[in-house]
Every structure is written in C-alpha cells, then in structure tokens.
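The values are calculated or read from the model by the stated rules, or taken from the named source; none is laboratory data. As the structure is a prediction and not an experimental result, all values here were calculated from the model. Backbone-built Cβ (ideal geometry, glycine too); neighbour counts: all protein chains shown. What goes into the accessible areas is simple: the full protein's heavy atoms, side chains included, and nothing from ligands, DNA or RNA. Shrake-Rupley method; radii C 1.70, N 1.55, O 1.52, S 1.80 Å.
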Amino acid sequence: MAPAGISTSSSITLHVNGEKYTLPVDHRTTLLDALRERLDLTGTKKGCDQGQCGACTVLVEGRRAVSCLTLAVAAEGREITTIEGVADGDELHPVQQAFVELDGFQCGYCTPGQICSALGVLQEHADGWPSAATEDVRPEAGPPPLTPEEIRERMSGNLCRCGAYVSIVQAVARAAETTKEPVA
C-alpha cells in the first residue's frame, strides 16, 4: 500500500498505430497489458511474460521493445506500433507479405512479435547498427550484408516453438530486398 498522499495510478496518453488513447493505469501496468486488456489490441501476444520469448515485441519510436517489460507509463507520448498498425489498410507490409509467401509462421502465435522484430531489424540494419555477427564494425565499413547469419543473430530474441526459423530468415531477407524506404 502506498504511503498517504502518493498515488499509484495515473491517466496517460498512448499513441498507438496513429491513434491517441487516454486511459487510467496503475503505475505497474505493462505496455503489453495496456495494449491487450485496456485497448483490445490483442495481436501482441503474451508469451513468457519475462522478456525472453519476443512474442510481445512492438515498436516504440520505431525501435523494438518487449512490451511485457515496458511499463505503460514509460511509453506515454511515444509512438507505438503494434501488428495491427503494420499493414496499410488491406495492403500487407512487405515483411508481412514475405512471411505469408514463404511460410514464416506455423501456428502463428509468435508471428506478430516476429514481424514487429523484423521491422526493427531492417531499420537497425538500414541505420548501420552492427550485430554480434557483424565482422567489420567500423563505421566506414557501412551496413554489413544482411546474410542469413546476420538475420539469425538479429532475430535471436524471438522464439518460435514450431521451428519456422528457416522460413523466417528467408522472409526477412526477401523483405530486405523489397523494402528500401523506412520500415516503421
């Protein structure tokens, strides 16, 4: 119980998929729970609830975030993209299209997090961020080739219990070839 005079809840405004939502939240509410339980955006999945599986991955200001470890109050005023905000109306984003065409999913549970992570990976790569698999990390070397090894390393925070990893790597590679504009 909070000491007298100290509030444990706030009214916050979340910017999700281009829409503003104002809602009261307990300060301990995760972004994942706010999205799923308060805003009915259930595309983002709750997997391990410990930040280890990536099923809850969303984009915050265009960067990957595991929403189960992000407090909703910390996301206030920041631009959040969930799987529901990736497509342009009925037109799938190139990452989504590649996942469909190359069977980058099986049961589909992890797919929203995989797709949001792939969007983040492509942006990080375009921005020249190295990974643990990058051989030459000197800035003048530029972005490394987006090889299967690079993609696997960059996507390693997202687990797929069905084992669709080969297809996921192929889907990210195809999306990288077809997407040259900002991805998020």
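Being within 19 Å of residue 54 (Cα to Cα) and polar (S, T, N, Q) is the filter; apply it to region 129-169 and report the residue that is surrounded by the fewest Cβ atoms within 10 Å (Cβ to Cβ).
Among those residues, the one meeting the criterion is 156.
What are the pairs with Cβ atoms under 8 angstrom where one residue, in region 81-102, is farther than 20 Å from residue 63 by Cβ and the other, located anywhere, is assigned to a loop (DSSP other than H, G, I, E, B) and open to solvent by 40 Å² or more (accessible area, probe 1.4 Å)? Sequence gap at least six, or different chains.
The qualifying pairs are 99/105; 100/92.
Tell me which residues, restricted to region 103-123, are within 15 Å of residue 59 (Cα to Cα) and either without any contact (Cβ under 8 Å) to a residue 40 or more places away in the chain or open to solvent by 70 Å² or more (accessible area, probe 1.4 Å) (or both).
111, 115, listed by residue number.
Residue check, residue 172 against (1) of a type outside the set (Lys, Arg); (2) at pLDDT below 95; (3) open to solvent by less than 20 Å² (accessible area, probe 1.4 Å); (4) under 28 Å from residue 30 (Cβ atoms), all met but one. Which one?
(2)
I'd like the residue in region 32-46 that is of a type outside the set (Gly, Ala, Ser) and open to solvent by less than 40 Å² (accessible area, probe 1.4 Å) and, out of all such residues, is farthest from residue 160 (Cα to Cα).
39
For residue 160, only one of the following conditions fails: (1) outside any loop (DSSP other than H, G, I, E, B); (2) within 22 Å of residue 101 (Cβ to Cβ). What is its number?
(1)
I'd like to verify a number: residues in region 16-31 that are in a strand (DSSP E or B) and open to solvent by 40 Å² or more (accessible area, probe 1.4 Å), how many?
So the count comes out to 6.
Kindly indicate whether any position in region 22-38 is within 30 Å of residue 144 (Cβ to Cβ) and touching a residue at least 12 places away in the same chain (Cβ under 8 Å).
Scanning region 22-38 turns up no residue that is within 30 Å of residue 144 (Cβ to Cβ) and touching a residue at least 12 places away in the same chain (Cβ under 8 Å).
I need the full set of residues from region 47-87 which are part of a loop (DSSP other than H, G, I, E, B) and surrounded by fewer than 18 Cβ atoms within 10 Å (Cβ to Cβ), in order please. Break it down into steps so the answer makes sense when it comes.
Of region 47-87, the ones part of a loop (DSSP other than H, G, I, E, B) are 47-56, 61-62, 67-70, 76-78, 82, 86-87.
Of everything in region 47-87, those that are part of a loop (DSSP other than H, G, I, E, B) and surrounded by fewer than 18 Cβ atoms within 10 Å (Cβ to Cβ) turn out to be 48, 49, 50, 51, 52, 61, 62, 69, 76, 77, 78, 87.
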